[in-house]
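Below you'll find the structure, written out as structure tokens, and then a few comments.
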Amino acid sequence: MVTNAPIGVFDSGVGGLSVLGEIRQQLPHESLLYVADSGFVPYGERTPEFIRERCALISQFLLAQGAKALVVACNTATAAAVAALRETYPQVPIVGMEPAVKPAAQATRSGKVGVLATTGTLKSAKFAALLDRFAQNVEVHTQPCPGLVEQIEAGELDSPRTAELLTAFTTPLLAAGCDTLILGCTHYPFVRPLLTRLLPAEISLIDTGAAVARQLQRQLSQHGLLAAAEPLPAATRFWTSGELAPLQRALPLLWGEAGEVAKLPV
């Protein structure tokens, strides 16, 4: 491993770009590789076995590109596959996602927390373990959000249909008295501005992208893998298993700049 090697980041689609942005902000000198597995999005309705197979193939690809660390920028994929990946690649720092149950439990004033997430995340043993560990003293209400990932993948961040879905998903959580909502999917931070307009001002929204970037920084530091400061901006490369055009269109909107996109060969 060399310190100027890139970091591999992947998600079922474009949602992981929210995490990639946090990594770029926290670690501006690191080169990044990003895979959107958009040919198989959303993961939330897939079986754990299928997700593990995809994650294994993508991780193998990213490591073949020289990645020194992996970030599983997807809550559903983390729940299904991160343990197997760490067992397969014990020498590689691997950072996963998890819904922000601990900070939400600390932040709530009403003692009631809502979780917006995919069906796969909410059904996972990893999520159940999070609740057992951090939510003993709060009331947690979960809300699966079918169709929301697809809206975000299509770039519909502020459309009437997306607003309709968000209203339908958040109404029962508000009715239950939740004052803190967890954005339990890496796609969901992209609709935070719309959510903020739809929700009462006193509702707090929490996601884990920045915490994941800090954890990645700690792991790279512990392994002696932090990149040295370079005079030129670090490079970022993109692949997708779906059609190239949707990711190319999404990058200026969700990443903040255009980028070259290649077809994922696995």
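Observations on the model:
- Of all residues in the range 22-47 being of a type in the set (Asp, Glu) and not in a loop (DSSP other than H, G, I, E, B), the one that is surrounded by the most Cβ atoms within 10 Å (Cβ to Cβ): Glu22
- Enumeration of residues in the range 172-211 that are among the aliphatic types (A, V, I, L, M), within 21 Å of Gly147 (Cβ to Cβ) and assigned to a loop (DSSP other than H, G, I, E, B): Leu199
- When residues in the range 190-211 are screened for being buried (at least 17 other Cβ atoms within 10 Å of the Cβ) and charged (D, E, K, R), 1 of them pass.
Conditions tested, residue by residue: (1) in the same structural domain as Phe61 (by TED's automatic domain parsing); (2) outside any helix (DSSP H, G or I); (3) over 19 Å from Thr142 (Cα atoms); (4) at pLDDT below 95.
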{"site": "Thr78", "(1), (2), (3), (4)": "yes, no, no, no"}
{"site": "Arg86", "(1), (2), (3), (4)": "yes, no, yes, no"}
{"site": "Val92", "(1), (2), (3), (4)": "yes, yes, yes, no"}
{"site": "Ser110", "(1), (2), (3), (4)": "no, yes, no, no"}
{"site": "Gly114", "(1), (2), (3), (4)": "no, yes, no, no"}
{"site": "Thr121", "(1), (2), (3), (4)": "no, no, no, yes"}
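- Among the residues of the range 160-176, those identified as surrounded by 14 or more Cβ atoms within 10 Å (Cβ to Cβ) and either free of Cβ contacts under 8 Å to residues at least 12 places away in the same chain or touching a strand residue (DSSP E or B) at 6+ places or on another chain (Cβ under 9 Å) (or both) are Leu166, Phe169, Thr170, Leu173, Leu174, Ala176.
- Flag: Thr208 matches the condition of being at pLDDT below 95 and of a type outside the set (A, V, I, L, M, F, W, C).
- The set of residues from the range 146-170 being among the hydrophobic types (A, V, I, L, M, F, W, C) and either within 21 Å of Ser204 (Cβ to Cβ) or out of contact with any Pro (no Cβ under 6 Å at 6 or more places or on another chain) (or both) comprises Leu148, Ile152, Ala154, Leu157, Ala163, Leu165, Leu166, Ala168, Phe169.
- Filtering the range 177-221 to residues that are in contact (Cβ under 8 Å) with a residue 60 or more places away in the chain and more than 22 Å from the chain's Cα centre (by Cα) leaves Gly177, Cys178, Asp179.
- Residue within the range 212-229 that is among the hydroxyl-bearing types (Ser, Thr, Tyr) and either assigned to a loop (DSSP other than H, G, I, E, B) or touching a Ser or Thr at 6+ places or on another chain (Cβ under 8 Å) (or both) present: no
- Conditions (1) modelled with pLDDT under 95; (2) exposed (fewer than 15 other Cβ atoms within 10 Å of the Cβ): number failed by Ala227: (2)
- Residue match in the range 10-17 (condition: in contact (Cβ under 8 Å) with a residue 24 or more places away in the chain and surrounded by fewer than 19 Cβ atoms within 10 Å (Cβ to Cβ)): no
- Count of the range 250-266 residues which are touching a Ser or Thr at 6+ places or on another chain (Cβ under 8 Å), part of a helix (DSSP H, G or I) and over 17 Å from Val191 (Cβ atoms): 0
- The range 125-146 - residue that is closer than 12 Å to Lys112 by Cβ and of a type in the set (A, V, I, L, M) and, of those, surrounded by the most Cβ atoms within 10 Å (Cβ to Cβ): Val140
The values are calculated or read from the model by the stated rules, or taken from the named source; none is laboratory data. Note that the coordinates shown come from a computational prediction; the quantities given were computed from them, not determined experimentally. So basically every Cβ, Gly included, is an ideal-geometry build from the backbone, and we count neighbours across all protein chains shown.
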